[in-house]
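The values are calculated or read from the model by the stated rules, or taken from the named source; none is laboratory data. What you see is a predicted model; the values in this text were computed from it and never measured. No Cβ is skipped: glycine too gets one built from the backbone with ideal geometry, and neighbour counts run over all protein chains shown. With ligands, DNA and RNA removed, areas are computed over all heavy atoms of the protein, side chains included. Shrake-Rupley method; radii C 1.70, N 1.55, O 1.52, S 1.80 Å.
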Amino acid sequence: MYDFTLHRPTSVDAAAAAIGGASDGKIMAGGMTLIPTLKQRLANPSDVVDLGAIAGLKGIREEGGNIVIGATTTHATVAADPTVKAKIPALAHLADGIGDPQVRNRGTIGGSIANNDPAADYPAGLVGLGATVHTTKRQIPADDFFIGMFETALAEDEIVTAVAFPVPEKAAYMKFANPASRYAIVGVMVSKGPAGLRVAVTGAGPSVFRLTEAESALGGSFTADAVAKVTVAADGLNSDMHASAEYRANLVSVMLKRAVAAAAG
Amino acid sequence: MPTVSMTVNGRAVTGDVEGRTLLVQFLRENLHLTGTHVGCDTSQCGACVVHVDGESVKSCTMLALQADGAEVTTIEGLAKNGDLHPVQAAFREHHGLQCGFCTPGMVMSAVDLLKKNPNPDEGEIREWLEGNICRCTGYHNIVKAIQSAAADMKG
């Protein structure tokens, strides 16, 4: 690993100042992607700003009918939280399927979405549930947050502080996981609730996307049969050693049906 | 050079580290606690698992300074007064190891599992060991050892 200056601010303001003052700074939440990247010398930042010492960024609360999850709340905390399990069990299930137990003990929701790995689970969770991302500068609807592969709407010195999820009437997340990493080869979140009917797909394309054809079909009848004929074209989908674009396209249909069946059940 | 302080296996320790120093490097190179292993370069193998504030983590994927002020337990901290921890004893009894390289991480991971779920079934144990790779045993005796330890710990 190349050396860097590590900052451990105890407030969001101090973190924003540290990243603003760095020549080539990186923000670190749980570090589950950044530290392996640094170890491989695939990144060489001048400064790393660790958000782990900022107490105000951790924790889960109910606010105005939403479940608000602090940016540095770990996947293990979300998976085990009684409020999340009671109100949005699909989100607890999603968090419980990320990586392995030790990754879930360190990895965070804010880090996951700010990184926007095309195979990460949380992007489908946020778009599929119609969440809103709170940052140091503004609030961004999930639909506008994820821009492209590893790319988000965040400015260089903008820090995610929390994610607010509306409570759906029904929702489910199903993924076909890579057997080694547990990253989603394809993952589908479906929901019906205050944010409307939503179907979001991760893993398949360069970034999370909504499947509007499936959303329309579910408007008629929220059943697996209603989406049985929904297909996506392989054009533009990811193709790698784990799965071809055609295989991913088929998996989208399969995971969609499973998710709708689980949500409807 | 920044200074880091933490409690490791009940002992207060302090050391000078770089920003980039990993927790596992601090444990092995500064404290000479070489029971915690490094088996890969990609954060996948779990040979480096230790407990930080009671939660199992990969010490190769955490900076030493991120553990500043924390309570850390390594494999060396499990045995009490010369008596093996029940999970360690069960690994020995049930041949839960061959070469032993992955064993410290396996044991630390299993101890965390049994704290959260004192009565795991076989599937839950196998799922929990997702982040610990063993290239010798085929896992069967590791799972058996953890089941046996769970029974022993219930007394």
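Would you confirm whether or not the stretch B:90-97 contains a residue that is out of contact with any strand residue (DSSP E or B) (no Cβ under 9 Å at 6 or more places or on another chain), within 14 Å of another protein chain (Cβ to nearest Cβ) and in a helix (DSSP H, G or I)? Scanning the stretch B:90-97 turns up no residue that is out of contact with any strand residue (DSSP E or B) (no Cβ under 9 Å at 6 or more places or on another chain), within 14 Å of another protein chain (Cβ to nearest Cβ) and in a helix (DSSP H, G or I). On the stretch given as the stretch A:196-236, residues that are open to solvent by 50 Å² or more (accessible area, probe 1.4 Å) and assigned to a helix (DSSP H, G or I) total 6.
Scanning the stretch A:44-62 for residues that are in a loop (DSSP other than H, G, I, E, B), under 22 Å from the mean Cα position of the chain (by Cα) and within 17 Å of residue A:114 (Cβ to Cβ) yields a count of 4.
For the stretch A:90-116, filtering for residues that are away from chain B (no Cβ under 14 Å) and either of a type in the set (Lys, Arg) or open to solvent by 20 Å² or more (accessible area, probe 1.4 Å) (or both) leaves 3.
Residues that are touching a helix residue (DSSP H, G or I) at 6+ places or on another chain (Cβ under 8 Å) and under 23 Å from residue B:28 (Cα atoms): list the helices (runs of 4 or more DSSP H) wholly contained in the stretch B:101-155 that include at least 1 such residues. So the answer is B:103-116.
Of the residues making up the stretch B:1-20, just one is closer than 21 Å to residue A:107 by Cα and in contact with a Pro (Cβ under 9 Å, 6 or more places away or on another chain), namely B:19.
When you look at residue A:148, is it buried (at least 24 other Cβ atoms within 10 Å of the Cβ) and among the small types (Gly, Ala, Ser), yes or no? No.
Only one entry of A:16, A:29, A:22 meets the criterion of being open to solvent by less than 50 Å² (accessible area, probe 1.4 Å) and away from chain B (no Cβ under 14 Å), and that entry is A:16.
I need the strands (runs of 3 or more DSSP E) fully contained in the stretch B:1-63, keeping only those with at least 1 residues that are at the interface with chain A (Cβ under 9 Å from one of its Cβ atoms).
Hits in the stretch B:1-63: B:49-52, B:55-58.
Of the residues A:74, A:10, the single one that is under 30 Å from residue A:130 (Cβ atoms) and either touching a residue at least 24 places away in the same chain (Cβ under 8 Å) or touching a Ser or Thr at 6+ places or on another chain (Cβ under 8 Å) (or both) is A:74.
Among the residues of the stretch A:31-41, are any modelled with pLDDT of 95 or more, touching a Pro at 6+ places or on another chain (Cβ under 8 Å) and outside any helix (DSSP H, G or I)? No, there is no match, as no residue in the stretch A:31-41 is modelled with pLDDT of 95 or more, touching a Pro at 6+ places or on another chain (Cβ under 8 Å) and outside any helix (DSSP H, G or I). Applying the criterion of being in a helix (DSSP H, G or I) and more than 21 Å from residue B:130 (Cα to Cα) to the residues of the stretch A:69-89, the residue that is least open to solvent (accessible area, probe 1.4 Å) is A:84. When you look at residue A:138, is it buried (at least 21 other Cβ atoms within 10 Å of the Cβ), of a type in the set (Lys, Arg) and more than 24 Å from residue A:103 (Cβ to Cβ), yes or no? Judged against the criteria, residue A:138 is not a match. Please specify each residue of the stretch A:237-259 satisfying the condition of being open to solvent by less than 20 Å² (accessible area, probe 1.4 Å) and in a helix (DSSP H, G or I). Within the stretch A:237-259, A:245, A:248, A:249, A:251, A:252, A:253, A:255, A:256, A:259 qualify. Every listed requirement among (1) part of a loop (DSSP other than H, G, I, E, B); (2) more than 10 Å from every other protein chain (Cβ to nearest Cβ) is met by residue B:72 save one, (1).
Among the candidates A:172, A:262, which residue alone is within 25 Å of residue A:78 (Cβ to Cβ), touching a strand residue (DSSP E or B) at 6+ places or on another chain (Cβ under 7 Å) and crowded, with 20+ Cβ neighbours inside 10 Å?
Just a single option satisfies the conditions, and that option is A:172.
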